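Let me begin by presenting the structure, written as structure tokens, before commenting on it.
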Number of protein chains: 2
Amino acid sequence: MHLGIRSNAALRSIACHSQLNSCPQRFSQKYSKMDETIDNASYIVDGVREKLMNDWKILQHVFKLVEKEDTFCANPELWREQKIVDFMQPDELKKHIDLTIKENETSTNSDIEQICQQVIQYSVKTSHGRFHNQLFGQMDPFGLAGAWITEALNTSSYTYEVAPVFSLIETEIISTVCRLAGYSQGDGIFAPGGSSSNMYGLVLARYKRFPQIKSTGMFGLRPLVIFTSEDSHYSLQKAAHWLGIGADNCIAVRTNAKGQMSLDDLEAKIKAARARGHEPFFINATAGTTVLGAFDDIAGTADVANRHGLWLHVDACLGGSALLAYKNRSLLKGLERANSFAWNPHKTLGVPLQCSLFLTSESDLLARCNSIEVNYLFQQDKFYDISYDTGNKSVQCGRKIDAFKFWLMLKARGYGKYGHLVDHAILMARLLEQKLRGRPDRFRLVLEQHEYSNVCFWYIPKSMRVQSSEETAEWRARLYTVAPLIKERMAYSGTLMVGYTPLSSRKLGNFFRMVFTCFPVLKTDELDVILDEIERLGKEL
Amino acid sequence: MHLGIRSNAALRSIACHSQLNSCPQRFSQKYSKMDETIDNASYIVDGVREKLMNDWKILQHVFKLVEKEDTFCANPELWREQKIVDFMQPDELKKHIDLTIKENETSTNSDIEQICQQVIQYSVKTSHGRFHNQLFGQMDPFGLAGAWITEALNTSSYTYEVAPVFSLIETEIISTVCRLAGYSQGDGIFAPGGSSSNMYGLVLARYKRFPQIKSTGMFGLRPLVIFTSEDSHYSLQKAAHWLGIGADNCIAVRTNAKGQMSLDDLEAKIKAARARGHEPFFINATAGTTVLGAFDDIAGTADVANRHGLWLHVDACLGGSALLAYKNRSLLKGLERANSFAWNPHKTLGVPLQCSLFLTSESDLLARCNSIEVNYLFQQDKFYDISYDTGNKSVQCGRKIDAFKFWLMLKARGYGKYGHLVDHAILMARLLEQKLRGRPDRFRLVLEQHEYSNVCFWYIPKSMRVQSSEETAEWRARLYTVAPLIKERMAYSGTLMVGYTPLSSRKLGNFFRMVFTCFPVLKTDELDVILDEIERLGKEL
């Protein structure tokens, strides 16, 4: 293959040339005494260059491999026989894939293909219809199409200069989501996950209240205090640590029977913080808690926030997808009154990971809060409208293009369809509850009815099916060991993946948390398959 | 296509069933009076489900399209005729691509293909051999292969449970990089970009010195102070803001003629901060500054840090790739003495964006600093070695798999080859300097010799070629307008992309910053092409 590449000899003379800082005439001194300073580096570089066009062909192999391995488990009829995971213990897995990285390793495209085959084989097929282990599930194919194009174009979200189309798309999505949320003057940014998006909310709220913190820090201030429910996501605590506020100043508010933040307890804790001379500034309401999928009363929380002059942020990372829903939009009632919210379309909607949005109702604040003078990137003397250079609103510099895959999905189906799919996922959750109630000796719900697409329940093995009077503390302690045991069997059988968790706010031990997402689009008889499989795996316990 | 899906009628009866919370017998009441409560939602959901297997075929179209559009500009012989970007002003571009998102939109796979074609057409081809606009350049094909597989498997880096292979791979890369850096007991994590990685350094240093900040915050403390050179990356200032330290407490240390942090000024400023009652705790040394590519004297900075008991972090986001180099490894001399460093293999090495590593020399600290109790994700009663659940060391929850694409590159070529490619990129930079010196009337270097793969220079248009005595302040002011004008012409011609920037620490106006990366693997005559093209674009200025 002719690539128009100079000969090794020429390259070697260039290397000499460089080392000597000599004049151009020296270029003609091929094979001179300076050869002794030459190592084989230029031969190696040459080799890489000559092979490079061929290397690009690896993409064809990879594409065929992804298809051949049926990575997406696209056909529901095959779910029964396809393993979600070919589980191995870490030490075992290390024997199957040579993980070591070496200084001198040369692989052919066929070697690489083989390695990739192994990686796919031993990875979890999260798009398998029986994967319900996390808050995300199967991808939307259009999302993956967008993700592949994003990767192929390999650019960064900071400037219109290097991301013209993607900058416009980010702006379009943010303005659409603001409109759907009822933010007439809003602004927003894509962040690398929900923890980051929640952190944006905290930083913005703090900046709004104490803009001087941007320059002088928090040292002179009374302790700033955050309020969030005991069932809310741990990212608020981690953020309190990182932002210098401290996890102790992230006050856990009690939840009610449905898992919602108690507004009475919230108000009492705000007053108590003030009474001890602290400075409340931020309330986080959760729209879709991680375990129970509970929605805090956003409108009621907004009333409390107003009364006390606090910033209201909504962690809608999970439940934000209800923005698009028809039957379940009311779960987010009051969202338009929040100062900011976070939403991860990569959870319920099936956008490939990562896709997280931070939105705020105030148009200018994000830019004022985060921008600084950056002459080499956000030059002010550019030849286009620099309002599309969104990067300075971010705390990041380089930033992955997370907008396009989501936009492509919305172009493919319209956001209304996702609304119906969200409703359907929630409907499936309600139907599962019914089915669980239909097997009362074998299953027990944690909540009679959950609000979103999570369903939490215990499985009661045959040996534990007793009169309610016999359900002692010991009985419960044993019950809490069941989910981890079945979980292990799930992994080895590869037939089903459903997460389990305890819930310390209710002093409850391990139970299953089944999560429905827009994809796979399940049918009711598939709910029976899930319960039957848990029974099968747990029958000898 | 038969997907084994229930009939609409059956689905409708399920929907009724759900609404009524009725007993299973009701399933037989098809077409009953409850039909009036049914809307067309289930038909829409049905439609999505029935079409889903066909939707996955979009990936074939996308793959073919990426090839057809020659997205990677893989053949160097075609670079002269291929545009890097088909530039349009934002308002113009909006007319060419319908960006709007609608509630009810239905696109065929062929519509989507057309949209994707437009997106590719109007995006910047960052893998084109004439793209030298950012600190990143062309991708390594094996990196993209890894990225596509990562996307196809759509999982998160937090637990071995959902990312068995990727968890092992992350651990393997971190231990290899620790070894290369001389950290015998190190640890690390992948972060979403260099700004985040630098923030990890700050948080870890702060935690080490004042562990109580994790729980009680920084309120009682004297102002904490950070030291970093005036030429260092803006992420340190942004981090100082976010972490509650304040940008004023991020002290800019002067740089010397080569762009390195002045150790005398550093020491003086540490003492001055102490004298005013502040609390120095962190020095950032930069290995590869953003504009000049200068390397601070890490070993010398380590001496200062030791003398004053401060944490030494190295922002090696750009220059960390010299870790692998043979001829240029000494740029990082002393790195083994740093407490932590950040490195973005997505810059010089050509790993697809984002790939950023944070490393620390202390094995346990990252986990102690960032972990909190997270019962639903990092359960302690799992059936495998939970030391592979790396997620709790992170400030994120869900975390993109950034390790695999890098690992696949290293498997494909061995890290030694990248070392030679890094040396080659630096060699090309030195050769460009020579060529610039060879055209003294037309070009002028900002530094006689840069240290890394950046080369900064001015172009002097014909009308400005004067005696040095005539190079007045007005002349310089005019010179500083040249790069933006040529940059605009670059964009419209699509033939070359090289960034420009001023440098306020030296009171210098706009100049070009040309950056070499491992890919494309350039030849010397291509350096002439770059300079010739700048001359062509600027000839009438």
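Only one of these conditions is not met by residue B:448: (1) assigned to a helix (DSSP H, G or I); (2) at pLDDT below 95; (3) in the same structural domain as residue B:508 (by TED's automatic domain parsing); (4) not hydroxyl-bearing (Ser, Thr, Tyr). Which number is it?
(1) is the only condition that residue B:448 fails.
Residue B:495 versus (1) within 13 Å of another protein chain (Cβ to nearest Cβ); (2) of a type in the set (S, T, N, Q); (3) in contact with a helix residue (DSSP H, G or I) (Cβ under 9 Å, 6 or more places away or on another chain): which is the lone unmet condition?
All conditions are met except number (1).
Report whether or not residue A:152 is at the interface with chain B (Cβ under 7 Å from one of its Cβ atoms), among the aliphatic types (A, V, I, L, M) and closer than 30 Å to residue A:370 by Cβ.
yes
Suppose we filter the stretch B:199-241 for residues that are in contact (Cβ under 8 Å) with a residue 12 or more places away in the chain, open to solvent by 10 Å² or more (accessible area, probe 1.4 Å) and not in a loop (DSSP other than H, G, I, E, B); how many remain?
Looking only at that region, the number is 6.
Quick one: is residue B:172 charged (D, E, K, R), open to solvent by 10 Å² or more (accessible area, probe 1.4 Å) and in a helix (DSSP H, G or I)?
Against the criterion (charged (D, E, K, R), open to solvent by 10 Å² or more (accessible area, probe 1.4 Å) and in a helix (DSSP H, G or I)), residue B:172 qualifies.
In the stretch A:52-97, what residues are at the interface with chain B (Cβ under 8 Å from one of its Cβ atoms), under 30 Å from residue A:489 (Cβ atoms) and either of a type in the set (Val, Ile, Thr) or not in a helix (DSSP H, G or I) (or both)?
Those that are at the interface with chain B (Cβ under 8 Å from one of its Cβ atoms), under 30 Å from residue A:489 (Cβ atoms) and either of a type in the set (Val, Ile, Thr) or not in a helix (DSSP H, G or I) (or both): A:66, A:71, A:72, A:74, A:75, A:85, A:87, A:88, A:89, A:97.
Just checking, which of B:100, B:108 is at pLDDT 95 or above and either under 27 Å from residue B:517 (Cβ atoms) or open to solvent by 10 Å² or more (accessible area, probe 1.4 Å) (or both)?
Of B:100, B:108, the one residue that is at pLDDT 95 or above and either under 27 Å from residue B:517 (Cβ atoms) or open to solvent by 10 Å² or more (accessible area, probe 1.4 Å) (or both) is B:100.
So residue A:461 passes all but one of these: (1) under 24 Å from residue A:518 (Cα atoms); (2) touching a Lys or Arg at 6+ places or on another chain (Cβ under 9 Å); (3) touching a residue at least 40 places away in the same chain (Cβ under 8 Å). Which condition number does it fail?
(1) is the only condition that residue A:461 fails.
When you scan the stretch B:134-142, do you find a residue that is in contact (Cβ under 8 Å) with a residue 24 or more places away in the chain, more than 10 Å from every other protein chain (Cβ to nearest Cβ) and under 22 Å from residue A:398 (Cα atoms), even just one?
No, the stretch B:134-142 contains no residue that is in contact (Cβ under 8 Å) with a residue 24 or more places away in the chain, more than 10 Å from every other protein chain (Cβ to nearest Cβ) and under 22 Å from residue A:398 (Cα atoms).
Residue B:383 passes all but one of (1) more than 30 Å from residue A:480 (Cα to Cα); (2) of a type in the set (Phe, Trp, Tyr); (3) surrounded by fewer than 21 Cβ atoms within 10 Å (Cβ to Cβ); which number fails?
(1)
Here's the yes/no breakdown for (1) within 8 Å of chain A (Cβ to nearest Cβ); (2) part of a helix (DSSP H, G or I):
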position: B:404; (1), (2): yes, yes
position: B:412; (1), (2): yes, yes
position: B:420; (1), (2): yes, yes
position: B:423; (1), (2): yes, yes
position: B:427; (1), (2): yes, yes
position: B:436; (1), (2): no, yes
position: B:441; (1), (2): no, no
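Looking only at residues in the stretch B:119-129 that are open to solvent by 10 Å² or more (accessible area, probe 1.4 Å) and either among the aromatic types (Phe, Trp, Tyr) or more than 8 Å from chain A (Cβ to nearest Cβ) (or both), which one is farthest from residue A:170 (Cα to Cα)?
If we take residues in the stretch B:119-129 being open to solvent by 10 Å² or more (accessible area, probe 1.4 Å) and either among the aromatic types (Phe, Trp, Tyr) or more than 8 Å from chain A (Cβ to nearest Cβ) (or both), then B:121 is farthest from residue A:170 (Cα to Cα).
Out of all the residues in the stretch A:318-353, which are touching a strand residue (DSSP E or B) at 6+ places or on another chain (Cβ under 9 Å), closer than 17 Å to residue A:139 by Cα, open to solvent by less than 10 Å² (accessible area, probe 1.4 Å) and within 13 Å of chain B (Cβ to nearest Cβ)?
Result: A:318, A:344, A:345.
Go through the stretch B:139-151 and count every residue that is in contact with a Ser or Thr (Cβ under 6 Å, 6 or more places away or on another chain) and either surrounded by fewer than 24 Cβ atoms within 10 Å (Cβ to Cβ) or of a type in the set (Val, Ile, Thr) (or both).
Within the stretch B:139-151, residues that are in contact with a Ser or Thr (Cβ under 6 Å, 6 or more places away or on another chain) and either surrounded by fewer than 24 Cβ atoms within 10 Å (Cβ to Cβ) or of a type in the set (Val, Ile, Thr) (or both) number 0.
Checking residue A:507 against (1) at positive phi; (2) open to solvent by less than 10 Å² (accessible area, probe 1.4 Å), which single condition isn't satisfied?
Just one mismatch for residue A:507, condition (2).
Do any residues in the stretch B:425-446 that are more than 22 Å from residue B:520 (Cβ to Cβ) have Cβ atoms under 8 Å from those of residues that are buried (at least 18 other Cβ atoms within 10 Å of the Cβ) and among the acidic types (Asp, Glu), where the two are at least six apart or on different chains, and which pairs are they?
Pairs that qualify, where the first residue is more than 22 Å from residue B:520 (Cβ to Cβ) and the partner is buried (at least 18 other Cβ atoms within 10 Å of the Cβ) and among the acidic types (Asp, Glu), are B:445/B:433.
Hey, any hits in the stretch B:462-478 for a residue that's buried (at least 17 other Cβ atoms within 10 Å of the Cβ) and either assigned to a loop (DSSP other than H, G, I, E, B) or of a type in the set (Asp, Glu) (or both)?
no
Can you pull out the residues in the stretch A:440-453 that are touching a helix residue (DSSP H, G or I) at 6+ places or on another chain (Cβ under 7 Å) and either open to solvent by 30 Å² or more (accessible area, probe 1.4 Å) or farther than 14 Å from residue A:538 by Cα (or both)?
Those that are touching a helix residue (DSSP H, G or I) at 6+ places or on another chain (Cβ under 7 Å) and either open to solvent by 30 Å² or more (accessible area, probe 1.4 Å) or farther than 14 Å from residue A:538 by Cα (or both): A:442, A:445, A:449, A:450, A:451, A:452, A:453.
The values are calculated or read from the model by the stated rules, or taken from the named source; none is laboratory data. What you see is a predicted model, and the numbers here were worked out from it, not measured in a lab. Neighbour counts are summed over all protein chains in view; Cβ atoms, including those assigned to glycine, are modelled from backbone coordinates with ideal geometry. The area values use the complete protein model at the heavy-atom level, side chains included, leaving out ligands, DNA and RNA. Shrake-Rupley method; radii C 1.70, N 1.55, O 1.52, S 1.80 Å.
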